[in-house]
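Written out below as structure tokens is the structure these notes cover.
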Amino acid sequence: MKAVVITTPGGPEVLQLQEVEDPQVGDDDVLIKVAATALNRIDTLQRKGSYPPRFLGLECSGNVEAVGRNVTRWRIGDEVCALLSGGGYAEKVAVPAGQVLPVPPGVSLKDAASFPEVVCTLWSTVFMRSRLSAGETFLIHGGSSGIGTCGIQLAKSKGAKVFVTAGSAEKLAACKDLGADVCINYKTEDFVARVKEETQGKGVDVVLDNMGGSYFQRNLDSLNVDGRLFIIGFIGGTVSEVNLAGLLARRLTVQAAGLHSRSTENKALIVNEVEKNVWPAIMAGKVKPVVYKYLPLSEAAEGHRLMESSNHIGKILLVP
């Protein structure tokens, strides 16, 4: 089969479409003929050598081509999408059956590739761990990203008031169209001051952050009593000086986690929770795919350039 290979750590040009061995299908695995895969920020870090080499692609959609001997739920031909540990930038991928989801009714097979990584990230952090609930306030940084565009819709579907940051009028308008209540241009506004203004000085209940060090103190300053900060990325660095007094005074909680390093069993648990709690919102039309561009698999390098430019709104999909 053909797959995108990192020929050596470096810029987007190191990505090459090559012939590789077909995936091995274990007893508990499903083999998917890939219809589409989605780019994620971690793919660009992987390409640069920040993580151990592996095939790229943390989510996909497609048709079941084969199943392992222990697999009972899925049948050949089923339309599915899946949370992967890698390998989505390819014509085929093998994945543990517990990480496979049905394509939601009303969503195209290709567009379904935009969901698994973002919804599993959002549900496992914002809802399972930070317990965002109806009537609470939620700040998400990078509101126009794949995580952001899905997070706005999912949080609104659960009855939260949503605040976002983004860096342009176009991106903020897109967030507003998706249901964001308060849209803040982080380049021209102090998001802490705006959050305080909009919440009568209290702050928000939950913050989902991909910046890390550079936003750490300001995120804490944005939180209400019993507020929860969840960190899922370190675009702004991993080191920060912080005043701990606020954590004690306002009983704040700080957590951090990613998806790719979790065990197969833990991923299966998250996927199961997502199907029960998120799939109904997608089927009801409350959460829709936001796809910025479709590119052929052979143009994966162009997809990485686009992602690193941050000019996109929503997800970038690669189609074999």
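The values are calculated or read from the model by the stated rules, or taken from the named source; none is laboratory data. These numbers come from a predicted model, not from an experiment. Here the Cβ is made from the backbone with ideal geometry for all residues, glycine too, and neighbour counts use every protein chain on show. Ligands, DNA and RNA are stripped out before the accessible areas are found, and what is left, the full protein with its side chains, is counted by its heavy atoms. Shrake-Rupley method; radii C 1.70, N 1.55, O 1.52, S 1.80 Å.
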Probe 1.4 Å - accessible area at ARG194, Å² to nearest ten: 50
Using a 1.4 Å probe on heavy atoms of the protein chains only, the accessible area for SER261 in Å², nearest 10, reads 90
Accessible area, 1.4 Å probe, largest first: how do ILE152, ILE147 sort? ILE147, ILE152
A correct Karplus calculation of ³J(HN,Hα) over segment 313-320, with 6.51 cos²θ - 1.76 cosθ + 1.60, θ = phi - 60°, whole Hz and x for Gly and Pro, returns 10, x, 9, 10, 10, 10, 10, x
If R0 = 22 Å, then ASP22 and SER263, at their Cβ-Cβ distance, give a FRET efficiency to the nearest 0.05 of 0.30
Can you give the Rg to Rh ratio of segment 1-42, both from alpha-carbon atoms, with Rh computed by the Kirkwood formula? 1.02
Of all the accessible heavy-atom surface of the chain, with the other protein chains kept in place and a 1.4 Å probe, what percent is carbon and sulfur? 50
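From the helices alone, meaning DSSP H stretches of at least four residues, give me the mean residue ellipticity at 222 nm for the chain, per-run term -39500 (n - 2.57), in deg cm²/dmol to the nearest 500.
Mean residue ellipticity at 222 nm (helix-derived): -7500 deg cm²/dmol.
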nm² value of the averaged projected area, convex hull over the Cα atoms of segment 172-320: 11.7
Which order, highest average first, do 61-68, 203-210 follow once you tally other Cβ atoms within 10 Å for each residue and take the mean per peptide? 203-210, 61-68
Could you work out the relative contact order of the chain, using alpha carbon pairs under 8 angstrom and six or more residues apart, expressed as a whole percent? 19
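With a probe of 1.4 Å, find how much accessible area the chain has per residue, and write the answer as a whole number in Å².
42
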Mean shadow area of segment 68-133, taken as a quarter of the surface of its Cα convex hull (nm²): 5.8
Can you give me the P(r) profile for the chain? Cα pairs, bins 20 angstrom wide beginning at 0, each as a whole percent. 33, 57, 10
Could you sort LYS267, LYS187, LYS48 by accessible area so the largest value comes first, with the probe set to 1.4 Å? LYS187, LYS48, LYS267
Using 1/(1 + (r/R0)^6) with R0 = 41 angstrom and r between the beta carbons of GLN255 and ILE76, what's the FRET efficiency to the nearest 0.05? 0.50
Per the Kirkwood treatment, what hydrodynamic radius in Å, one decimal, follows for segment 112-207 from the mean inverse distance over all distinct Cα pairs? 13.3
